[in-house]
1. List the number of the failed condition for Cys119; all other conditions in (1) in contact (Cβ under 8 Å) with a residue 24 or more places away in the chain; (2) open to solvent by less than 20 Å² (accessible area, probe 1.4 Å) hold.
2. Scanning for something modelled with pLDDT of 90 or more, loosely packed, with under 10 Cβ neighbours inside 10 Å and either under 15 Å from the mean Cα position of the chain (by Cα) or not aliphatic (A, V, I, L, M) (or both), does the stretch 22-34 turn up at least one residue?
3. Take the residues of the stretch 91-111 that are free of Cβ contacts under 8 Å to residues at least 60 places away in the same chain and in contact with a Pro (Cβ under 6 Å, 6 or more places away or on another chain): which is surrounded by the most Cβ atoms within 10 Å (Cβ to Cβ)?
4. What single numbered condition from (1) at positive phi; (2) open to solvent by 80 Å² or more (accessible area, probe 1.4 Å) fails to hold for Asp73?
5. What residue, of Asp131, Asp136, is out of contact with any helix residue (DSSP H, G or I) (no Cβ under 7 Å at 6 or more places or on another chain) and either within 21 Å of Gly88 (Cα to Cα) or buried (at least 19 other Cβ atoms within 10 Å of the Cβ) (or both)?
6. Hey, among Gly114, Gly88, which residue is modelled with pLDDT under 90, surrounded by fewer than 20 Cβ atoms within 10 Å (Cβ to Cβ) and within 24 Å of Val70 (Cβ to Cβ)?
Amino acid sequence: MHDATEPWVPPRTPTRDATEPMVPPRTPTRDATVSSVAGTLSGVALYRKYRPATFAEVVGQEHVTEPISVALDSNRINHAYLFSGPRGCGKTSSARILARSLNCAEGPTSTPCGVCNSCVALAPGGPGNFDVVEMDAASHGGVDDARDLRDKAVYAPAESRYVIFIIDETHMVTPAGFNALLKLVEEPPDHVKF
């Protein structure tokens, strides 16, 4: 306690030598860990980094992946598939795996080979494939976008078995856009899958 008659003075901080750094240096192991984590995450979203490559890697969606796998293995392929569910359950990942399975050189198969051009291009982190068109309907859901998609569907695949259209966020397509797509989705050419 201090005496009430004396003015209060804050305690002095200990002096430091001018050669000492103001902040203690980080340990080399921490710096290496931080830089290695930053290097692996730079520019790649987590959902892309950890996206499953096969139906066997999809977790918690066996009620979806098993029937599709059986259908692929028995060559019962439909012209359109609708994946629905809450955010993050694997709708787009499952659609991409289905596209990879349909266009695999050894396919259609539920277990893509992983070495053919189509499998490598459509693998997570791959460059993509000209024959697999992924459209975000949240920003491209108008009638002009649907007509453009309809015009692209008449062309045969460039290097794959099928031209596959993945329409993400389909609920955002406008009514006029749905009307423009209706005939194509109901009766697509043999080389087109949705």
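The values are calculated or read from the model by the stated rules, or taken from the named source; none is laboratory data. Keep in mind the model is a prediction, meaning the values are calculated, not measured. Cβ coordinates were reconstructed from backbone atoms using ideal geometry, including for glycine residues, and neighbour counts include every protein chain displayed. Surface accessibility is based on the protein's heavy atoms, side chains included, excluding ligands, DNA and RNA. Shrake-Rupley method; radii C 1.70, N 1.55, O 1.52, S 1.80 Å.
1. (1)
2. No - not one qualifying residue is present in the stretch 22-34.
3. This residue is Arg100.
4. Every listed condition holds for Asp73 apart from (1).
5. When all the criteria are applied, what remains is Asp136.
6. The conditions single out Gly114.
Per-residue answers, yes or no, for (1) modelled with pLDDT of 90 or more; (2) open to solvent by less than 70 Å² (accessible area, probe 1.4 Å); (3) of a type in the set (S, T, N, Q):
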site: Gly142; (1), (2), (3): no, yes, no
site: Val154; (1), (2), (3): yes, no, no
site: Pro157; (1), (2), (3): yes, yes, no
site: Ser160; (1), (2), (3): yes, yes, yes
site: Asp168; (1), (2), (3): yes, yes, no
site: Asn179; (1), (2), (3): yes, no, yes
